[in-house]
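Q: My structure is below; once you've seen it, I'll send some questions.
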Amino acid sequence: MSKEELIEKVLADNFVIDELREIKKPLSEFVKIEAELKIVKNCNTLLHERVIQLEKDALNTSQYVRKETMELGPLPSTITDDILEKTVCDILSLTGQKVTPNCLQACHRMKDRSKIILRFCSWKTKHSVITKRRILKDKVEELKEMNIHNKVFLNDSMCMEVQRLFYLTRKLAKTPKVHKTWFFNNTIYITLSEDGDRIKIFHSSDLEKILGISDVYIYLRDLQLIF
């Protein structure tokens, strides 16, 4: 090999080495970026779990302060404020649990004037009343004597966050995913089949995990059950 050929070969080899070095640089940068993204992803996962737990705690606290509270209605406007509390106590006593004004901390009409919100002094009294609320369906004549000519409903009072969550479970009950849902004693329940176990729901993430869906809002929107 001549001197000129040797020089050309060395130059060519050096060129290839330089090219390889240039290729190696972005590859190492890519590995570095990938490692950083993995760290960020793990951090986001931990933060997401913490946010969910904080939301659950806040929701539980908001609902817990309502454990002695109940909503009743509809009541006609002919029942004036001066006899409202006594009339409410008479209605509640139809369940078989004696209720007097001394049993209540508060009793007044809501924004929807046909609905009444009341707060018991004792959770036990409230619980005893609401577990017997079905009896009111058979008290038509007694209610007519109070000038109430419609069915009266008793319901636990829900905070806004629980109302939203219960709205989702009721929509899901219209899909094959959920058989039934109800709210009792400050807790939302669902069953997945007619004979299925009851499952407590505290957050939308519970629904996503149990039902195997990535986002409950998107799932219901795709089914045109929410808009």
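Q: Within segment 74-92, which residues are aliphatic (A, V, I, L, M) and assigned to a helix (DSSP H, G or I)? Give the derivation first.
A: The first filter runs over segment 74-92 and keeps only residues aliphatic (A, V, I, L, M), leaving 75, 79, 83-84, 88, 91-92.
Correct list: I83, L84, V88, I91, L92.
Q: Considering segment 128-156 alone, what residues qualify as being buried (at least 16 other Cβ atoms within 10 Å of the Cβ) and under 15 Å from L94 (Cα atoms)? Walk me through it before giving the result.
A: Taking segment 128-156 as the starting set, the residues that turn out to be buried (at least 16 other Cβ atoms within 10 Å of the Cβ) are 128-130, 133, 136, 139, 143, 146, 148, 152, 154, 156.
The answer is S128, V129, I130, R133, L136, K139, L143, M146, I148, V152, L154.
Q: Also, I was wondering about something else. Quick one: count up the residues across segment 99-123 that are modelled with pLDDT of 95 or more and among the basic types (K, R).
A: Qualifying residue count for the region: 3.
Q: Out of everything in segment 50-89 that is among the polar types (S, T, N, Q) and exposed (fewer than 15 other Cβ atoms within 10 Å of the Cβ), what residue ends up being farthest from K137 (Cα to Cα)? Steps first, answer last, please.
A: Let us first name the residues in segment 50-89 that are among the polar types (S, T, N, Q), namely 53, 60-63, 69, 77-78, 80, 87.
Narrowing the set further to residues that are exposed (fewer than 15 other Cβ atoms within 10 Å of the Cβ) leaves 53, 61-62, 77-78, 80.
Details: Q53: 40, T61: 33, S62: 31, S77: 21, T78: 21, T80: 24 Å.
Restricting to residues being among the polar types (S, T, N, Q) and exposed (fewer than 15 other Cβ atoms within 10 Å of the Cβ), the top hit is Q53.
Residues are listed down the side, and each one gets a yes or a no for (1) assigned by TED's automatic domain parsing to the domain that holds I79; (2) at pLDDT below 95; (3) in contact with a Leu (Cβ under 8 Å, 6 or more places away or on another chain):
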| position | (1), (2), (3) |
| --- | --- |
| L143 | yes, no, yes |
| M146 | yes, yes, no |
| F166 | no, no, no |
| K171 | no, no, yes |
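The values are calculated or read from the model by the stated rules, or taken from the named source; none is laboratory data. Small disclaimer: the values here were computed from a predicted structure and weren't measured. Note that each Cβ is placed from the backbone with ideal geometry, even for glycine, and that neighbours are counted across all protein chains shown.
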